[in-house]
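Participant: Pasting a structure below so you can have a look.
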Amino acid sequence: MAEPVSQLVASMPRARMLALMTLFLGPAVAIYTLFSIYPLIATMTLSTYTSDPSGVFTFVGLANFVTLLGDAVWSRPFWNAAYNNLIFFCVHMLVQNPIGIALAGLLSLPGLKLKGFYRTVIFLPTMLSVVIVGFSWNLILSPLWGVAEGALKSVGLGAWFAPWMGLPHTALLTLALISVWQFVGIPMMLIYAALLNIPDELTDAARVDGLGQLRIFFHIKLPLVLPTIGMVSILTFVGNFNAFDLIYSVKGALAGPNFASDILGTFFYRTFFGFQLQVGNPTMGAAVATVMFLIILVGVCLYLFVVQRRLRRYSF
Amino acid sequence: MFERQLKSAGVHLLLIAYSCLAVGPILLVVMNSFKKRAAIFGSPLSFPDFTTFSLIGYNKVFSASHVVLYFWNSLVVTLVSMSLVLLLGAMAAWALTEYRFRWTTALSLYLAIGIMVPIRLGSVAILTMMRKAGLNDTLTALILVYVAQGLPMSIFILSEFVQQIPRDLRDAARCDGVPETRIFFEVIAPLLRPAIATVAVFTIVPIWNDLWFPLILTSSDSTHTITLGVQQFLGQYITDWNSVLAALSMAILPIVAIYIVFSRQLIAGLTAGAVK
Amino acid sequence: MANLRIDNLNKSYGTARVLADIGLQIPDGEFVVLVGPSGCGKSTLLRMIAGLDAVTSGDIYIGDRLVNTLAPAERKIAMVFQSYALYPHMDVRKNMTFGLKFTGVPPAERQRRVTEAARMLQLEKLLDRYPRDLSGGQRQRVAIGRAIVREPDVFLFDEPLSNLDAALRVSTRVEIARLHQMLKATIVYVTHDQVEAMTLADRIVVMNQGVIEQVGKPLDLYYEPANLFVAGFIGSPAMNFFAARVESIGAGGARVVGPTMQPMTLPAAGLAAGAELTIGVRPEHLAIGDRGDFLTSGTVELVERLGEASFAHVARADKKRLVVEIRGRETPKIGDVVTFAAGMRDVHVFDKGGRRVETVTA
């Protein structure tokens, strides 16, 4: 893939090459390190300290983590947020990705007309700001406006309607589904691109072998895009455990009702910056951020070393 | 034959159904933003006509908030960040591909980690840094953060494009004695034009729509971005349905317009980057 | 095995006509090669026989069954693709048996067929490997094996040798010929390489721009091409063409003259005075000499020596090049002005429309 280095470059005096590298790489590496890597490390370091009201920081090792995970006052909201985040992620994996795969499968059928139109339209919500999406759906689902209720009534399912956003046991699910609605375009596009990569001759051979379109999708196309599905899954994981915007813009920092829609992102925000009755606690906030980072790191490592290795079998 | 047509009709039905689901809510919001309050509640699904048409919500948005200022802020932040991400990213991608040292691969890996690392988690330290540097509550702070956020992905994508530039092209200029910096700016950079679409997709949208960093790094009204501005306006006027719908529509329409105009390039950019 | 019949087949994509009025009869067990330049429609025709592309008008019969509306799997055909089209995520054995599962062949029977095909193609040791661990030639054999186990009525090959290197191409070609003899299969084979066509086919179908130019046995096409296109396509290096005109009709025949040849007499009936003709003579039928039924001359520009045969490229009066095959070690020198002769038997005559004109041979 990478071509061998040009002879002219290789014969350049070392000092000159170093100067060039600094010029070209310097700014990028500097900004990246300063605002991406360093803050992360600083946060992790901060999590091992505790601060008192006068601003003095004392090193306490892993005490913050113990508190976060075990102490009655802290751990309940933490585990609640972590559990909710897991549900949030599961909904995406179980709803967003299968729908994305199905849509990609439909769009990649040979000879389908209006492909471009469908692609453009279905991808549209992804372009919108989460704030817009959250709020719009809030209005649509609101019992005050009655649009959702009316829609359900018109198909005879009026009894199903409830103010889902406001009820503790449905709020999180509703928000997760709204997020799915918005972001389904991404797995759809990525998997669609991967499906396009499958040579036509392979589907021709399958047709000659006697497979119908549905079977071709499940036995031939799907296995061959598993690497992409894997990538989509890990991106979903990272994105979900980082999520904040939707919950915050619809439910505010308190992630109601009754913290039912609290996820790690909102928990982190509240812990660090404080909100209403809660005072901001930078060190505990740092601890929450570190835990979030570790969760994501574990997930990514698991993926890279376990899943991706198995998926190599499916490359061409 | 007939069976084939039936199957094709079924596929289209499914796709149309989902398209309606995708676009419906947006249409609903925009449509109703142009209606009087009574019409919004009375007949939400109908198109605004002469009796129900009203711009009252829009007036409120313009008068009660600095929507134009927010829009301008977003534009500045997004465009400057995108430009820097492209420029610095291209330079870095070029250096990593052309000038190879022992530690070049390690450096590439270091930069690639950023794709997975959630920069938000370092917000604690970022805020502290910005305060100390006096950059708190400035657009510059946002720009720096977004550039840091966008560089890993952009370097990754641009590296692929740089590798595809034929080596002969890179050497020919050297044989002519052209200095390296000029080679980059006048030979390589123009060839990276197709990459702009791909990088743009992955960079512009997350920056424009971001809520977190404007929320954390900007406190005064004059530095708010459109996303933050809309969010706060919505929170404030939550019972004023006209204004709320108008604000939402104003945030929706520019994006939709740009999206429709550039949809082909955007989607091509997304799929090109994904294939890598 | 079964026969194949195609009646008045047409194929259009929108307004673009790709195949026009194709008619073909292939008896059971015959090896037929569809050959022609790119874009002539041969692959499209093959795909229509397979059922991968729809028919615009006309009929296709496999084994006397009308198959127009049948799906590929129902036509009892098997196809070998140019890029082999092996399923990358299945091993060789699974690749070969995959299709059989869906056509209701029981497991025991599937195993039997795979073992048999593997033996025939020497694939026994490779059955558990994956396609990416195989060489090009091995992959091609697996693709052929996959076709064999289907026990089809007709085998379809779509340029199967194009992706192989030269040496492998020759050996695989021999294998395919051997397979044909062993299985007594009806084969329709598409290629753009006329050498493959000549060596493998029982009969060749020469196609050009969606139309069949000629159907016939390889040597028939070689010795009696029906038109200018076939004459120029079959045989390598290509036939030399000379523009000519009937000057007068006399007792001995027609006196034909041309700017790049010496006047000659053609014993042909049905030629009118003033008629425009094209004379064709193959490079291998011209010899150095100044006595013969047909004479032409020119300056030698280049000589390609390949061993027993060499090819002299000669500049003619009309600035075009003449190619002559010279046998033996004595070859003309560059710059020599040489005269070449051919016998009446080896002179092909084509009329103004490019159609063959029969000459009464001596």
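Participant: Beyond 31 Å, what share of the Cα-Cα pairs of chain A remains, rounded to the nearest whole percent?
Facilitator: Numbers: 24834 of 49770 pairs.
When every Cα pair of chain A is considered, 50 percent fall beyond 31 Å.
Participant: In the range A:74-314, with Lys and Arg counted as +1 and Asp and Glu as -1 at Cβ, which of these residues, A:168, A:230, A:244, has the Cα nearest the positive end of the dipole, that is, farthest along it?
Facilitator: Working it through, the farthest residue towards the positive pole turns out to be A:230.
Participant: Also, quick follow-up: Looking at this model, which pairs from C:125/C:217; A:113/C:11; C:11/C:101; C:42/C:319; A:113/C:94 are more than 28 angstrom apart at the alpha-carbon?
Facilitator: On the way: C:125/C:217 38 Å; A:113/C:11 21 Å; C:11/C:101 33 Å; C:42/C:319 34 Å; A:113/C:94 34 Å.
Violating the 28 Å Cα-Cα cut-off are C:125/C:217; C:11/C:101; C:42/C:319; A:113/C:94.
Participant: Between the helical axis of C:166-183 and the dominant principal axis of chain C, each derived from Cα atoms, what acute angle in degrees is found, rounded to the nearest 10?
Facilitator: Result, in degrees: 70.
Participant: What is the mean number of Cβ atoms from other protein chains located within 10 Å of the Cβ atom of each residue in peptide B:207-213, rounded to a whole number? Could the numbers behind the result be given before it?
Facilitator: Values: counts 0, 2, 9, 4, 9, 6, 0.
Partner-chain Cβ atoms within 10 Å, mean over residues of B:207-213: 4.
Participant: A further question on this structure: Over its Cα atoms, what ratio of radius of gyration to 2.2 N^0.38 Å does the range C:238-357 give? Please report the intermediate quantities before stating the final value.
Facilitator: Numbers: Rg = 14.6 Å, N = 120, 2.2 N^0.38 = 13.6 Å.
Taking N as the residue count of the range C:238-357, the ratio is 1.08.
Participant: In whole Å, what three semi-axes, largest first, describe the equivalent ellipsoid of the range C:29-73 built from its Cα gyration tensor (square root of 5 times each eigenvalue)?
Facilitator: On the way: eigenvalues 74, 40, 16 Å².
Semi-axis lengths for the range C:29-73 are 19, 14, 9 Å.
Participant: Fewest first, what order do B:224, A:219, B:12 take by the number of other Cβ atoms within 10 Å? Mind showing how you got there, number by number?
Facilitator: Values: B:224 24, A:219 19, B:12 15.
Ascending number of Cβ neighbours within 10 Å: B:12, A:219, B:224.
Participant: Now for a separate question. Determine, for A:40, A:152, C:126, the number of other Cβ atoms within 10 Å of each Cβ, and report the residues in order from fewest to most. Provide the component values of the computation, followed by the final result.
Facilitator: Working: A:40 24, A:152 14, C:126 20.
The fewest-first ordering by Cβ neighbours comes to A:152, C:126, A:40.
Participant: Can you run the Rg to Rh ratio on the protein assembly as shown? Use alpha carbon positions and the Kirkwood inverse-distance Rh.
Facilitator: Numbers: Rg = 37.1 Å, Rh = 34.0 Å.
Here the Rg-to-Rh quotient is 1.09.
Participant: Given the protein assembly as shown, what percent of its DSSP beta bridges are antiparallel, to the nearest 5? Walk me through the intermediate numbers first.
Facilitator: Numbers: 65 of 83 bridges.
Of those bridges, close to 80 percent are antiparallel.
Participant: Need the C-alpha centroid separation for the range B:4-77 versus the range C:279-299, integer Å.
Facilitator: Centre-to-centre distance over Cα atoms comes out at 83 Å.
Participant: Cα centroids of the range C:158-232 and the range A:195-236: how far apart, whole angstrom?
Facilitator: Between the Cα centre of the range C:158-232 and that of the range A:195-236, the gap is 34 Å.
Participant: Something else about it: Counting other Cβ atoms within 10 Å, keep those with at most 13, restrict to DSSP loop, and tell me which chymotrypsin sites (Phe, Trp or Tyr not before Pro) in the range C:1-104 are left.
Facilitator: Nothing satisfies the criteria.
Participant: May I pose another question? By average Cβ neighbour count within 10 Å, what is the ranking of C:32-38, A:15-21 from highest down?
Facilitator: Values: C:32-38: 21.6, A:15-21: 14.7.
The packing order, highest mean first, is C:32-38, A:15-21.
Participant: Say the dipole of chain C comes from +1 at the beta carbon of Lys and Arg and -1 at that of Asp and Glu; which of C:209, C:62, C:296 then lies farthest toward its positive end?
Facilitator: C:62
Participant: Mind checking which of B:146, B:121, B:216 is farthest towards the positive end of the range B:59-275's charge dipole, using Cβ charges of +1 (Lys, Arg) and -1 (Asp, Glu) about the Cα centre?
Facilitator: B:121
Participant: Restricting attention to the range C:282-339, which GluC sites (Glu not before Pro) occupy a DSSP loop and are surrounded by at most 16 other Cβ atoms within 10 Å? Write out the running numbers ahead of the final one.
Facilitator: Working: sites: C:284, C:301, C:304, C:308, C:325, C:330; in loops: C:308, C:330.
Within the range C:282-339, the qualifying GluC sites (Glu not before Pro) (loop, at most 16 other Cβ atoms within 10 Å) are C:308, C:330.
Participant: Now, a different point. Count, for each residue of B:227-234, the Cβ atoms from other chains sitting within 10 Å of its Cβ, then give me the mean as a whole number.
Facilitator: On the way: counts 6, 3, 1, 5, 10, 2, 0, 8.
Mean shielding count: 4.
Participant: If you don't mind, another one. Where does helix C:136-149 land angle-wise versus the long Cα axis of chain C, in degrees 0 to 90, nearest 10?
Facilitator: It is inclined by approximately 70 degrees.
Participant: Size of the dipole of chain A about the Cα centre, Lys and Arg at +1 and Asp and Glu at -1 on the beta carbon, nothing else charged, in debye to 20?
Facilitator: Numbers: 16 positive and 10 negative charges, 106 e Å.
Computed about the Cα centre, the dipole is about 500 debye.
Participant: For each of C:158, C:64, C:346, count neighbouring Cβ atoms within 10 Å of the residue's Cβ, then give the residues from fewest to most.
Facilitator: Result, fewest neighbours first: C:64, C:346, C:158.
Participant: Ok, one more. Within a 10 angstrom radius of each residue's Cβ in C:7-14, how many Cβ atoms of other chains show up on average? Whole number is fine.
Facilitator: Details: counts 0, 0, 0, 0, 0, 0, 0, 0.
Shielding by partners across C:7-14 averages 0.
Participant: Can you list the aspartates and glutamates whose alpha carbon is less than 15 Å from that of residue B:36, not counting same-chain residues fewer than 8 positions off?
Facilitator: B:49, B:240
Participant: Using Cα atoms only, what is the angle between the long axis of helix B:2-33 and the major principal axis of chain B, expressed in degrees (0 to 90) to the nearest 10?
Facilitator: It is inclined by approximately 70 degrees.
Participant: How big is the dipole moment of chain C about its Cα centre under a simple scheme where the beta carbon of each Lys and Arg is +1, that of each Asp and Glu is -1, and everything else is neutral? Debye, nearest 20, please.
Facilitator: On the way: 44 positive and 41 negative charges, 185 e Å.
Rounded to the nearest 20 debye, it is 900 debye.
Participant: Ok, one more. Roughly how many debye, to the nearest 20, is the charge dipole of chain B about its Cα centre, given +1 on each Lys and Arg Cβ, -1 on each Asp and Glu Cβ, and no other charges?
Facilitator: Values: 18 positive and 13 negative charges, 61 e Å.
I would put it at about 300 debye.
Coordinate-derived values only; no laboratory data. Every value quoted in this text rests on a predicted model; they were computed, and no experiment measured them. Here the Cβ is made from the backbone with ideal geometry for all residues, glycine too, and neighbour counts use every protein chain on show.
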